[in-house]
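The values are calculated or read from the model by the stated rules, or taken from the named source; none is laboratory data. Quantities reported herein were computed from a predicted structural model and do not represent experimental measurements. Because the Cβ atoms are built from the backbone with ideal geometry, glycine has one as well, and the counts that use them run over all protein chains shown. Ligands, DNA and RNA are excluded from the accessible area calculation, which covers all protein heavy atoms including side chains. Shrake-Rupley method; radii C 1.70, N 1.55, O 1.52, S 1.80 Å.
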Amino acid sequence: SAVAASAASAASAVAAQGRPGSGRLADVVSRSTVEDIFKCSLKKQQGVSLKYMMDFGSNPVGRQLLVSAQFLHRELPVRLAHRVAELENLPLGLSLKPQVRKVRDWYVESFRELQAFPEVTTAEQEAEFTRLLSAIKMRHNHVVPTMAMGVASLKEDLSHGHMHQLPDIHSFLDRFYMSRIGIRMLIGQHIALHSEERNEGGGGRGRGDGGGERSGGPADDGDRIGLIDTRVSPVDVAWDAIHDARYICSREYGSAPEVQVFGDAGFTFAYVPEHLHHMLFELVKNSLKAVADRYADADDAPPTIRIVVAEGNRDITIKVSDEGGGIPRVDVKKIWTYLYTTARSPLEDAWDSLDGGAGGAPPGGPAVLAGYGYGLPVSRLYARYFGGDLQVISMEGYGTDAYLHLNKLGDGEEPLP
């Protein structure tokens, strides 16, 4: 077919680039695997919406789980192949960085395992497939910091050049991390639904990580559909994020500014609480740091950070306002670029830990990711994944307002890269 011919042509081009010791894909896997990956990379990815996930998972009986497993068996290799193909052809030598190769090899290994797995037609096969998904999810736990290390290494190679002037790298990272959020959401949702069905047809709701890096607030298990909580209170999740962010701030500065939350604590909507916690934690953490830095030597107490939760017809908007001095207008665009950070970077220590053996790996939580420069751009991807957005408006000399928009209806499909 034309698709197969195009895939073979692409695979041949990659194979021609490979040479002993080059680390190219053609040097580490068979030609048939290369052709299989590039053939899959030409297929269209199929997105799903939050509403579809809820409707589908509301009654996770065996037949539903079989359909879910069959969908993932078809869809995940396509999504992984898209990313492998892109990881092989990054500009400025980024594909050749050992950290990027490690990530690529994780994706290739997962692709091969999924392709080798037989078609899922029985409950026993579904259970075995779910165990495979759990292993794949664990394998990819440290993709974000590992990729960050590779990009940081490229930044050093460019004589400490300005990463915000490399739009190709940033657009790739946006696509790559958005894809990762989607893959982990689909895998985590299936694993959680499998757990629900095993617990007497949904008597106990699963508590996966939702593709995020930290847990959100407590939820009644009866309100869970897999990773989705049908009754998320933004005010409650905000307080959980505040507690965690103030703890981090107090550990670094000895104390933490106060935070107030304004909004209806009784208002709830369907969302993945771990995603919401991840985004709010990042925004509150940034505000706490800005205020703590600005008022470090002041005699008076620092001004309170304010969080406002508002419900609209289609969106929920959460505003985080601080008086931390704001961001110079010339730097506002930089906050959305990867590796732009004002904190000390832990990347070199993390790579030494990760490269030291299978047992050592850097933790993946946002508290530890402070200094990677990934907080805001990745948080914006989490917001956009289910049809929301994240905006930051700053007044230099005064403070910053961050607006987190969330799609209340859950009808937005994944923005697949």
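Among the residues of the range 358-371, are any crowded, with 22+ Cβ neighbours inside 10 Å, in a helix (DSSP H, G or I) and at pLDDT below 95?
Checking the range 358-371: at least one residue is crowded, with 22+ Cβ neighbours inside 10 Å, in a helix (DSSP H, G or I) and at pLDDT below 95.
Okay, residues lined up against (1) at pLDDT below 90; (2) open to solvent by 70 Å² or more (accessible area, probe 1.4 Å):
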residue	(1), (2)
Gly188	no, no
Ala192	no, no
Arg207	yes, yes
Gly216	yes, no
Ala241	no, no
Ser250	no, no
His277	no, no
Lys285	no, no
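Any idea which of Gln45, Gln99 is open to solvent by less than 40 Å² (accessible area, probe 1.4 Å), under 22 Å from Ala135 (Cα atoms) and either modelled with pLDDT under 95 or under 19 Å from the mean Cα position of the chain (by Cα) (or both)?
Answer to the check: Gln99.
Checking Thr33 against (1) exposed (fewer than 14 other Cβ atoms within 10 Å of the Cβ); (2) in a helix (DSSP H, G or I); (3) modelled with pLDDT of 75 or more, only one condition comes out false. Which one?
(1)
Can you tell me which of Ala270, Ala265 is open to solvent by 10 Å² or more (accessible area, probe 1.4 Å), of a type in the set (A, V, I, L, M) and assigned to a loop (DSSP other than H, G, I, E, B)?
One residue alone meets the criteria, Ala265.
When Pro257 is evaluated against the numbered criteria (1) buried (at least 19 other Cβ atoms within 10 Å of the Cβ); (2) outside any loop (DSSP other than H, G, I, E, B); (3) modelled with pLDDT of 95 or more, which criterion, by number, is the only one it fails?
Going through the list (1) buried (at least 19 other Cβ atoms within 10 Å of the Cβ); (2) outside any loop (DSSP other than H, G, I, E, B); (3) modelled with pLDDT of 95 or more, Pro257 breaks only (2).
Could you say whether any residue in the range 108-128 is open to solvent by less than 20 Å² (accessible area, probe 1.4 Å), part of a helix (DSSP H, G or I) and within 28 Å of Ala270 (Cβ to Cβ)?
Scanning the range 108-128 turns up at least one residue that is open to solvent by less than 20 Å² (accessible area, probe 1.4 Å), part of a helix (DSSP H, G or I) and within 28 Å of Ala270 (Cβ to Cβ).
Considering only residues that are part of a helix (DSSP H, G or I), at pLDDT below 95 and among the small types (Gly, Ala, Ser), which ones fall in the range 372-408?
Gly375
Taking the residues in the range 305-329 that are outside any strand (DSSP E or B) and at negative phi as candidates, determine which candidate is least open to solvent (accessible area, probe 1.4 Å).
Gly324
Would a scan of the range 289-304 turn up a residue that is closer than 21 Å to Gly375 by Cβ, of a type in the set (Asp, Glu) and open to solvent by less than 10 Å² (accessible area, probe 1.4 Å)?
no
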